[in-house]
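Here is the structure we will look at, set down as structure tokens.
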Amino acid sequence: MDVCQYTGEDEAQWDELVGRALNGTFLHSRRFLGYHGNRFRDVSACLHDSGRLVAVFPAAVDPGDPACVTSHPGATYGGLVHDGALRGAAMIEALAAVREHYRSLGFSRLRYKAIPRNYHRIPSDDDLYALFRLNAARYRCDLSAVIDLHDRPVVSRRRRRCLRSALANGVTVRENPELLCTFWPLLEDTLERRHGARPTHSLDEITLLRSLFPEQIRVAAALAGEELLGGVVLFVMPTTVHIQYSCASRRGFSLHALDAVFDHCITAAAGTGARWFSMGISNEDGGRVLNENLYRFKVEFGAGSTTHEFYQLELQ
């Protein structure tokens with residue numbers, strides 16, 4: 001197995017492989033990662049077997065630790081993205097080769113953000129087994145609420161009651177990317193007020209990303225007349241529709257606006273043929289704190305759960 005550093009000349013081959021990979025999403029494409037520009041020092045790797053590109057590893061130098069290489073900070077998750085060639089022993093060999101590649105570049109640690117199972121086209125956990133075999137240590141685990149659109153449990157009485165209340169109060173749901181300009185100030189205000197935080201993306205960045213991925217990034221909002229009460233930004237993957245951002249105004253919260261938005265989006269996702277609807281994690285402090293109220297709210301829509309796994313591999 002040969003490992004080499006990614007260069008711009010590899011972009012077309014990289015994106016072609018991600019498009020047919022067992023576990024790839026548009027977050028792993030160079031078109032997505034490239035929008036970050038020079039924010040991160042990219043050290044992504046390409047893996048070849050007998051001259052054929054079989055896997056890619058989106059990676060960058062950890063912004064807080066120059067001795068550490070990490071699954072690309074510009075993507076929520078992203079380990080070895082492969083086309084099915086890395087099974088069993090081949091995956092162990094591949095990760096060992098990646099380890100040697102980054103060791104030769106002088107790094108001391110490798111942090112690996114595994115791709116959650118709901119994003120796999122078919123189950124592809126060979127990398128988790130290979131990490132175990134290579135003595136990697138899990139340093140973080142997040143809990144994510146995910147709805148099985150093919151076998152969804154009954155929605156709770158509370159959520160059904162809140163949905164009826166929202167509709168009775170005239171809340172309507174509209175999908176329109178132009179709503180981003182109204183939604184984003186509400187999102188920024190909500191995150192600042194509740195968590196002292198800001199969205200990962202600025203309005204300019206999410207607008208740019210949506211222009212690059214018009215089919216994969218969607219916007220849905222709840223309205224009373226023309227007043228925006230709340231909404232979501234959805235990332236659409238081959239197997240999963242994922243809520244990337246969601247929020248509601250104070251009035252929207254009292255009118256249960258998000259119940260109407262979520263119901264609309266879940267129904268629409270089921271109509272696309274997607275298998276999963278991801279409502280995201282409910283964790284803080286690197287996974288050590290679970291927001292029980294938020295998690296319960298998501299579960300009441302009929303969600304099960306999956307985990308986001310994070311591992312560290314010592315290189316020296």
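The values are calculated or read from the model by the stated rules, or taken from the named source; none is laboratory data. These numbers come from a predicted model, not from an experiment. Positions of Cβ are generated from backbone atoms using ideal geometry, with glycine treated the same way; all protein chains shown enter the neighbour counts.
Where strands (runs of 3 or more DSSP E) fall wholly inside the range 7-72, no range has 2 or more residues that are buried (at least 18 other Cβ atoms within 10 Å of the Cβ) and outside the structural domain of Y102 (by TED's automatic domain parsing).
Taking the range 40-62, which residues are of a type in the set (D, E) and either within 18 Å of the chain's Cα centre (by Cα) or within 20 Å of G84 (Cβ to Cβ) (or both)? Quick ask: steps written out before the conclusion?
Just the residues of the range 40-62 that are of a type in the set (D, E), to begin with: 42, 49, 62.
Passing the criteria: only D49.
Rundown of residues vs (1) of a type outside the set (G, A, S); (2) in contact with a Phe, Trp or Tyr (Cβ under 7 Å, 6 or more places away or on another chain); (3) closer than 22 Å to P116 by Cα, yes/no style:
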site	(1), (2), (3)
R20	yes, no, yes
L33	yes, no, yes
L53	yes, no, no
A60	no, yes, yes
A85	no, no, yes
E93	yes, no, yes
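For the residues R111, R133, R159, the requirement of being closer than 30 Å to M1 by Cα and buried (at least 16 other Cβ atoms within 10 Å of the Cβ) singles out R111. Residues of the range 258-275 that are farther than 17 Å from V171 by Cα, surrounded by fewer than 17 Cβ atoms within 10 Å (Cβ to Cβ) and either among the β-branched types (V, I, T) or at pLDDT 95 or above (or both): T272 alone.
Is there a residue in the range 183-194 that is among the hydroxyl-bearing types (S, T, Y) and more than 27 Å from G304 (Cα to Cα)?
Step one: of the range 183-194, the residues among the hydroxyl-bearing types (S, T, Y) are 190.
Subsequent filtering for residues that are more than 27 Å from G304 (Cα to Cα) retains none.
For the range 183-194, residues among the hydroxyl-bearing types (S, T, Y) and more than 27 Å from G304 (Cα to Cα): absent.
Candidates G302, G280, G252: the one that is touching a His at 6+ places or on another chain (Cβ under 8 Å) and in contact (Cβ under 8 Å) with a residue 24 or more places away in the chain is G280.
Scoring D127 on the criteria (1) in a strand (DSSP E or B); (2) buried (at least 22 other Cβ atoms within 10 Å of the Cβ) leaves a single failure, condition (1).
Every condition in (1) farther than 19 Å from Q13 by Cβ; (2) over 24 Å from the mean Cα position of the chain (by Cα); (3) among the aliphatic types (A, V, I, L, M) holds for A97 except the one numbered (1). Residues in the range 1-29 that are within 21 Å of the chain's Cα centre (by Cα) and within 22 Å of F107 (Cβ to Cβ): W14, H28.
For the range 276-316, how many residues are of a type outside the set (D, E), outside any strand (DSSP E or B) and buried (at least 17 other Cβ atoms within 10 Å of the Cβ)? Spell out how you get there, then give the answer.
Applying the first criterion (of a type outside the set (D, E)) to the range 276-316 yields 276-283, 286-291, 293-299, 301-308, 310-313, 315-316.
Adding the requirement that they be outside any strand (DSSP E or B) leaves 282, 286-288, 291, 293-299, 301-303, 315-316.
Within this subset, residues satisfying the condition of being buried (at least 17 other Cβ atoms within 10 Å of the Cβ) are 282, 287, 295, 297-299, 301-303, 315.
Adding up the residues that qualify gives 10.
Restricting A75, A94 to those that are touching a Leu at 6+ places or on another chain (Cβ under 7 Å), in contact (Cβ under 8 Å) with a residue 12 or more places away in the chain and closer than 18 Å to T240 by Cα reduces the list to A75.
Kindly check whether there is at least one residue in the range 111-121 that is assigned to a helix (DSSP H, G or I) and either of a type in the set (F, W, Y) or touching a Leu at 6+ places or on another chain (Cβ under 6 Å) (or both). Yes, because at least one residue in the range 111-121 is assigned to a helix (DSSP H, G or I) and either of a type in the set (F, W, Y) or touching a Leu at 6+ places or on another chain (Cβ under 6 Å) (or both).
Here's the yes/no breakdown for (1) at pLDDT 95 or above; (2) within 21 Å of Q13 (Cα to Cα):
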{"site": "H36", "(1), (2)": "no, yes"}
{"site": "S44", "(1), (2)": "yes, yes"}
{"site": "V56", "(1), (2)": "yes, yes"}
{"site": "T70", "(1), (2)": "yes, no"}
{"site": "G79", "(1), (2)": "no, yes"}
{"site": "A85", "(1), (2)": "no, yes"}
{"site": "I92", "(1), (2)": "yes, no"}
